[in-house]
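Okay, so here's the structure we're looking at.
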Amino acid sequence: MPDSSAVDAALVAKLGADATLLGYMPNGVYIDEAPPGMTRFVIVSVVEAHDEAQFSSRAYEDVTYLVKAVALSTTVADIRAAAARIDALLEHGTLAPTGYTLMTMRRIERVRTTEVDEVDKSLRWHHRGGRYQVMVST
């Protein structure tokens, strides 16, 4: 049975290999959280995952990912362009996770939030991106 984390890794690798996206978010692409000190990055998180069984094996996996560009307010970041680039890469895009075949990849909801920094209340973190459905068969 293929390893589900291969889908996560393929998604991070796809985003992390895009020079245009990294031009907007030069600190990289990470699962769940960026290392300390980063100010412009992309986060990929699993929001929900559902497996569909077929006979005695898994037929396909249906995963919803939160994929968002995150930028500190003191940086010169084009957060809108970063979110648009994420969408251009993922909306009905390609993905080749080891052991899987892509069935569909599409945005199901857009995300836009602003968060007050926990340490310095004068700083803001801007988040833009979306929730993306990724369905893969084994």
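When region 86-138 is examined, which residues are found to be outside any strand (DSSP E or B), in contact with a Leu (Cβ under 8 Å, 6 or more places away or on another chain) and of a type in the set (Ser, Thr, Tyr)? Across region 86-138, the qualifying residue is only Thr94.
For region 31-46, filtered to residues that are closer than 21 Å to Arg131 by Cα and in a loop (DSSP other than H, G, I, E, B), the residue that is most open to solvent (accessible area, probe 1.4 Å) is Glu33. Number of residues in region 51-109 that are more than 21 Å from Glu33 (Cα to Cα) and polar (S, T, N, Q) equals 7. The residue list Ala49, Ala53 contains one member that is surrounded by fewer than 18 Cβ atoms within 10 Å (Cβ to Cβ), under 15 Å from the mean Cα position of the chain (by Cα), modelled with pLDDT under 95 and in a strand (DSSP E or B), which is Ala49. Would you mind stating whether Arg80 is in contact with a Leu (Cβ under 6 Å, 6 or more places away or on another chain), outside any strand (DSSP E or B) and in contact (Cβ under 8 Å) with a residue 24 or more places away in the chain? For Arg80, the condition - in contact with a Leu (Cβ under 6 Å, 6 or more places away or on another chain), outside any strand (DSSP E or B) and in contact (Cβ under 8 Å) with a residue 24 or more places away in the chain - is not met.
Per-residue answers, yes or no, for (1) at pLDDT 95 or above; (2) closer than 18 Å to Tyr24 by Cα; (3) not charged (D, E, K, R):
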residue	(1), (2), (3)
Tyr60	no, no, yes
Tyr65	yes, no, yes
Ala71	yes, yes, yes
Val76	no, yes, yes
Arg85	yes, yes, no
Leu90	yes, yes, yes
Pro97	yes, no, yes
Val111	yes, yes, yes
Glu118	no, no, no
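Please work out which one of (1) more than 15 Å from the chain's Cα centre (by Cα); (2) without any contact (Cβ under 8 Å) to a residue 12 or more places away in the chain is the condition Thr74 fails and give its number. Looking at each condition in turn, Thr74 falls short on (2).
Does Leu15 satisfy the criteria of being of a type outside the set (Ser, Thr, Tyr), at pLDDT 95 or above, under 24 Å from Ser137 (Cα atoms) and in a helix (DSSP H, G or I)? Taking the combined requirement at face value, the residue satisfies it. Annotation note: of Ala88, Ala17, Ala59, the sole residue that is exposed (fewer than 15 other Cβ atoms within 10 Å of the Cβ) and out of contact with any Ser or Thr (no Cβ under 9 Å at 6 or more places or on another chain) is Ala17. Total residues in region 107-132 satisfying the condition of being surrounded by 14 or more Cβ atoms within 10 Å (Cβ to Cβ) and either farther than 14 Å from Leu72 by Cα or aromatic (Phe, Trp, Tyr) (or both): the figure is 7.
The residues on offer are Gly28, Gly23, and the sole one that is open to solvent by less than 60 Å² (accessible area, probe 1.4 Å) and in contact with a Phe, Trp or Tyr (Cβ under 9 Å, 6 or more places away or on another chain) is Gly28.
The values are calculated or read from the model by the stated rules, or taken from the named source; none is laboratory data. None of the values given here were measured: they were computed from a predicted structure. Cβ coordinates were reconstructed from backbone atoms using ideal geometry, including for glycine residues, and neighbour counts include every protein chain displayed. When the accessible area is computed, the model is the full protein with side chains, heavy atoms only, and any ligands, DNA or RNA have been set aside. Shrake-Rupley method; radii C 1.70, N 1.55, O 1.52, S 1.80 Å.
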